[in-house]
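Participant: Below is one structure. I have some questions about it.
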Amino acid sequence: MPTGATSLRLEKPMPWLRGFFSLMSDSLNGTNAYADVGYFTSLVNNPGKLEQGIKDSLADADLKEATQHKLVYGSDWKMLVKEKEAPEYSDRFSRILDKFQENWPELKPSLYGNNAADYLGLHDGMENRGRLETFYKDHRVSRPLWMDKVDRI
């Protein structure tokens, strides 16, 4: 296993995954719990296994909400620069998500920005967004590009 990487074992019935995702369940007060999928060695070493794990998670009613709404793709993890396969990771991950586009079109945009914007409160009308808009206005800072990007997702 590469240094610092996370191994994702996705054997059925995925008891650890079910427990992990249940922590992110709104019904268990996990409203503000999210997980980063920025790098898993399983994707590099066995993308079919990861694809099957995503498919199983989306087919399971208990895991579907967390899979679609509580996972974020973070590419700023500093340990990635040490990984030999890291430059290809994002493309490989994106191709796997493309396979779910027909049945779950919201999955890819959710993982690549929407869920993070939810977590950080950056959507228009959210409290954090309003606080930032006030700060920028009070300090005569022009509208940052990230706001336009968030408004498009």
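Participant: When the residues of region 40-86 are filtered to those that are modelled with pLDDT of 75 or more and of a type in the set (S, T, Y), which remaining residue is farthest from N115 (Cα to Cα)?
Facilitator: S57
Participant: Residues in region 84-121 that are farther than 17 Å from L71 by Cβ, of a type outside the set (D, E, K, R) and part of a loop (DSSP other than H, G, I, E, B): how many?
Facilitator: 1
Participant: Then there is this: Say whether the condition of being β-branched (V, I, T), assigned to a helix (DSSP H, G or I) and at pLDDT 90 or above is met by at least one residue in region 138-150.
Facilitator: Yes, region 138-150 has at least one match.
The values are calculated or read from the model by the stated rules, or taken from the named source; none is laboratory data. Please read these numbers as outputs of a predicted model, since none were measured by experiment. All Cβ positions, glycine included, derive from the backbone under ideal geometry; neighbour counts span all protein chains shown.
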